[in-house]
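Reviewing the structure listed below.
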Amino acid sequence: MSQTLLFLIPLLPLSCAVINMLFGMRLPRLIPETLAICGVLGAFLLTILFWGYAEGEGTRAVLGTWLSSGSVDVSFALCFDKLSAPMTLMVTGVATLIHFYAIGYMRDEVDYARFFSLLNLFVFAMLAIILADNLLILFLGWEGVGLCSYGLIGFWYRKRENAKAGTKAFLVTRVGDVFLGIALLWLFALTGTLSITEINAQAEMISPGIVTVLTLLLLVGACGKSAQLPLMTWLADAMAGPTPVSALIHAATMVTAGVYLLCRLFPLVSLSVFGMAAIAGVGAITALYAATCALAQREIKRVLAYSTMSQVGYMFMAVGAGTVSGAMFHLLTHAFFKAVLFMAAGWVIHLAGEENDIFRMGGLAKNGPKELFWIFLAAAVCLAGVPLTGGFFSKDGILLALFTEGTLLYKGYWLIGVFTALLTAFYTFRLVYLVFAGEPRGEGQPHAVPALMRWPLWPLAVLGLAGGLLNLPAMVGGGESLHQWYGKLAGRQVTASHDLEWLLIALATGIVAVGWLLAHLRYRSYREPLDNSVSRFLLAGWQADAVVDRLLVRPFAAMGRFCSAGCDRTLFDGTLEGLVKLSGRWSGLLLQLTTGRLTTYLSAFAWGFLIMLGWFLLKLVNGGGH
Amino acid sequence: MTAASLPQFPWLTLLVMLPLAGALLCLLHGNRTVESRWLALATSLAVFGVSLYLFFCHGDGGSGWLRYEDVSWIERYGIRYVLAMDGIALLMVLLTAFLQLAAILLAWRVEEKASYFFALLLLLESGLMGIFLAYDLILFYLFWEIALIPMFFLIAVWGGENRRRAALKFFLYTLAGSLCMLVAMITLYQIHGDQSGTYSFVIGDLLQTKLSSTQEVWLFAGFMAAFIVKSPLVPFHTWLTDALTEAPAAGSLDLTGLLIKTGIYGMIRLAFPLFPNASRDFLPILAVLALFGLFHAAWCAYNEDDIKRLLAYSSISHLGLVVLGLAAWQLTAWEGSILLMVTHGLTTGALFVLVALIRERTGTRSLQELGGLWGQAPYLSAMFLLFSLASLGLPGLANFAGEILVLLGVFQVHPVWAVIAFAGVVFAAAYMLRLVQGTIWGPAKVKRTLPDLTAREWLILLPMAILVVWLGLYPAPFIAPLHGTVAPLLLGGMP
């Protein structure tokens, strides 16, 4: 019975969201804010309290039936196990800190109730994805996070572009959702159940060809939420939302939902060699693509958005290389340092007088608070993969897994991963130099920010830096504790000779050094941004938006016009009107008969009589013939 | 039919006759607006009470007829007054009674010839109840036409600018369909009478008729002509967009929430059981029509600037999915379809209410002239957002429950249909978000202070909102009555 209490973890943020939604506007500001904090903090504390349930095989709990019809029987079921528990802890923990930050960040916002209820609702939906023991519950969360993301990107709805960016995010991710949905239908038809546990258990009974197709369907679904190619265009625009939203949804949690989905269904997904290669391939291409885009971005949040895309690409590569623990390791460290980067970016933007363009910033190391500089630097070195930081260990683990996978294809992915690491180091230090080095180039006046916007960054920055301890490789004296924790769920054990590992570490260190050196040479002293066709191409994200617009949006709208004007108004209504006119003409002819003149009627009568008489005569003659 | 032998209170007759009596009383009140208003409300409250009572009595479903009332009527022609209720009818009755309450509250401020307006609304309710309950062909046809006439007048007298044209189109289209049905009914009656020697219009008797395959196809076509036009399936849908657009608010609500459901109900109740072989052959065609309609209407909706027309198209698109579920001939898909009929009635009904409220406040229905309502009327906009999200099939809200059951069911027998239909999910998001974007987000275009929801409007919308969440999270009470009904229908029999 007591395991039912696990439902409190997702339901706490949900109930706070509902209360804020219904009454938030009428309450003094402090109450909705406190409620929002209580919802996520409570969920965080409960996760710690219930940690024991995750041991062993984990715990499953059922609250009641959602849908039941024929062979369909879907219950509200959750699964608190070794995969979901750390993710729950991370999401609720990071969300709590971001909620505190958000209170400071949104202190002048009048529509706070809407903001905090959506933020809480998001945490609920995210927890539904993580804890779901059932694909349909997962789908509920999956669509739920999409909705909250939509509502929060377009939070400042009066600017049309913001609302448009929200709509775009919803639609693009929903394309992915359709594929996930089809996989869901298919899995149900094959296994007769939607329970994730049972599907994983029955996975080996499904024929290999179908498993490959299912894996690909799941992959596209994951791509939508995680902004991987080709469904990545929404993420950069999503930066229109308030910064806490970018930190929480578009960096730490929602965009990693795709990775989590693939890890959750890993027993199924890993059965398909082709599917795994496709997952790693999508990750590799996206990682490279996004890193090149990040090179040329001018808005600080867009740089971070592309870097998120790129880092999530690494996580996909990890899943494709068969290491769940490697993917989750990078997911966790990335969540810590990327949340810090975004929140620090919010701080930077604030100091720069709401300026987004890094080419109009500068000098913050000298003029800004020292605290900000150190925090930003701490997170940036994690992103760049400077040795001994959390980001270094997690990224290195993925590269090692790719290298040791064996086939040539994965060696290719490894090469892309290494090259992307170089780009990452370069654009990260470019960002740091442009924001902090030199003299101020903008109009921003340094002024204090509320304490709430400062202190939540510290614990996360520390976690990012020390994140390597979570899963320290054996060769530097660690026990690979995360890998051990996951046990059966961890995926492939990555083994390599120590020489090889040292070689790769040396390579990674060298790459970071080269990346830093290049950035140092280029941006130590300020230079105007390049403006050539290549930089414009990269700035526009390889013109992906224009391509989508040309290939999808415009034909869709044209088809709409065709259906509406061409079919409905012309063809269907036109035919009908033709019929009406035709019958009108017929009735006109008939009307001409009713002339009102007696003579006409009489002669018509006479003719009719004659014809009938003739017909009878004819019949009589024919009958007589027999 | 053990229930028939027990003497029992004629609750079903009450459902049909109460609104009829209310309508007559309204007419007698002539030009006294206030009295007729309250009278209409009292009547529909009573009807709602009766239907709730029936729902609580028979909520757990069970096979066979839940209620059966059989009285001899015109014996000479074998016409009987038979009202029967199974699980499906129970849900439709409940939906009718509920939406009718909302319609009356929505029409509260109608001043022009108000007593006639309310009389027509009640007459319509009587007709609808009759359609959902009648178990005799002539009785069914009678109610079918009774429901047609009030709607015609509601559009023609209280409608918008092009009301005459829209009303005439509605009338001619549906009349053409129902005349085909009438001919088929009489032919079937004749054939059955010639075969068995007892002439009867009672559907239960006619089920035993032995038909040659040609006869069956023609008769089936006659019935389906009426039902397809009413549902409406593309390409016979253009009357609906015009009628919905021109009808007064309460009329649009009834039209989209209830009247078009009678077409689908007719298929389930009459066409499929009476002509099982012809229906089986027709199912693939029905599926193609449904899928075509689903996408065609979605595209039209995407292109539409008038929010009422946009919602009309979204209705047609949703009903495409309902019909697809029926065409799959599978238990889960059918239960999903019927649930989706109910939830669609709620969500789209509520959206039509909101459109009327927005029109009242801003004086426009064009996406070009609307925008930024959230800042001016946040509660109204929140409601609008809620029902739009329900309509685009967000899990946890009403429509999703029906849709996913349909898709899960359809996939088991025709995976390709389900896969194509699932893509419609993106289409729904595309036009609904365009609607939301143009209405409540963006800069405010109507530059005056707009009143938020009044108490009466809360009274209409709040129960609907609660139901939309309830049906989304716990639809079990509304699926339960279907369990015993749908399975025998799929086997070709009647309860």
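The values are calculated or read from the model by the stated rules, or taken from the named source; none is laboratory data. Predicted model only: the values in this text are computed from it and were never measured. Using ideal geometry, Cβ is built from the backbone for each residue, glycine included, and neighbour counts are taken over all protein chains shown.
Please enumerate the residues belonging to the stretch B:216-241 that are among the charged types (D, E, K, R) and either buried (at least 24 other Cβ atoms within 10 Å of the Cβ) or closer than 16 Å to residue B:269 by Cβ (or both). Explain how you work it out, then say what you get.
The first filter runs over the stretch B:216-241 and keeps only residues among the charged types (D, E, K, R), leaving B:216, B:230.
The answer is B:230, and nothing else.
Every residue, every condition in (1) among the hydroxyl-bearing types (Ser, Thr, Tyr); (2) in contact with a His (Cβ under 6 Å, 6 or more places away or on another chain); (3) modelled with pLDDT under 90, yes or no:
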{"position": "B:51", "(1), (2), (3)": "yes, no, no"}
{"position": "B:68", "(1), (2), (3)": "yes, no, yes"}
{"position": "B:79", "(1), (2), (3)": "no, no, yes"}
{"position": "B:82", "(1), (2), (3)": "no, no, yes"}
{"position": "B:86", "(1), (2), (3)": "no, no, yes"}
{"position": "B:89", "(1), (2), (3)": "no, no, no"}
{"position": "B:96", "(1), (2), (3)": "yes, no, no"}
{"position": "B:114", "(1), (2), (3)": "no, no, yes"}
{"position": "B:131", "(1), (2), (3)": "no, no, no"}
Determine which member of the set A:562, A:556 is more than 26 Å from the chain's Cα centre (by Cα) and either within 14 Å of chain B (Cβ to nearest Cβ) or at pLDDT below 80 (or both). A:562
Can you give me the number of residues within the stretch B:182-212 that are in contact (Cβ under 8 Å) with a residue 60 or more places away in the chain and hydrophobic (A, V, I, L, M, F, W, C)? 7
Selected residue (criterion: farthest from the other protein chains (Cβ to nearest Cβ)) from residues of the stretch B:393-437 that are under 23 Å from residue A:75 (Cα atoms) and part of a loop (DSSP other than H, G, I, E, B): B:397
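Being within 12 Å of another protein chain (Cβ to nearest Cβ) and within 18 Å of the chain's Cα centre (by Cα) is the requirement here; does residue A:95 meet it?
no
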Can you tell me how many residues in the stretch B:447-490 are outside any helix (DSSP H, G or I), within 14 Å of another protein chain (Cβ to nearest Cβ) and without any contact (Cβ under 8 Å) to a residue 40 or more places away in the chain? 2
Flagged in the stretch B:273-310 as more than 14 Å from chain A (Cβ to nearest Cβ), farther than 15 Å from residue B:220 by Cβ and without any contact (Cβ under 8 Å) to a residue 12 or more places away in the chain, in numbering order, are B:288
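Only one residue in A:431, A:465, A:460, A:470 is of a type outside the set (Phe, Trp, Tyr), touching a Ser or Thr at 6+ places or on another chain (Cβ under 6 Å) and under 30 Å from residue A:399 (Cα atoms). Which one? Talk me through it step by step, then tell me what you get.
Values: A:431 fails: touching a Ser or Thr at 6+ places or on another chain (Cβ under 6 Å); A:460 fails: touching a Ser or Thr at 6+ places or on another chain (Cβ under 6 Å); A:470 fails: touching a Ser or Thr at 6+ places or on another chain (Cβ under 6 Å).
Checking each option against the conditions leaves just A:465.
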Hey, does the stretch A:50-73 have a residue that's in contact with a Phe, Trp or Tyr (Cβ under 8 Å, 6 or more places away or on another chain), in a helix (DSSP H, G or I) and more than 30 Å from residue B:410 (Cβ to Cβ)? yes
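Taking helices (runs of 4 or more DSSP H) that fall entirely within the stretch A:334-414, which contain at least 2 residues that are closer than 28 Å to residue A:315 by Cα?
Values: elements: A:364-367, A:370-384, A:390-403.
Counting at least 2 such residues, we get A:370-384, A:390-403.
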Residue A:6 - would you say it is modelled with pLDDT of 85 or more, among the aliphatic types (A, V, I, L, M) and either assigned to a helix (DSSP H, G or I) or surrounded by 17 or more Cβ atoms within 10 Å (Cβ to Cβ) (or both)? yes
Condition (residue is part of a helix (DSSP H, G or I), within 24 Å of residue B:221 (Cα to Cα) and touching a strand residue (DSSP E or B) at 6+ places or on another chain (Cβ under 6 Å)) applied to the stretch B:142-154: is it met by at least one residue? yes
Matching helices (runs of 4 or more DSSP H) fully within the stretch A:156-270 where at least 3 residues are facing chain B (nearest Cβ under 10 Å): A:160-191
Here's a check for you: in the stretch A:240-256, which residue that is surrounded by 24 or more Cβ atoms within 10 Å (Cβ to Cβ) and of a type in the set (A, V, I, L, M, F, W, C) is nearest to residue A:305 (Cα to Cα)? A:251
For residue B:442, work out the one condition from (1) within 11 Å of chain A (Cβ to nearest Cβ); (2) within 25 Å of the chain's Cα centre (by Cα); (3) not basic (Lys, Arg) it doesn't fulfil. (2)
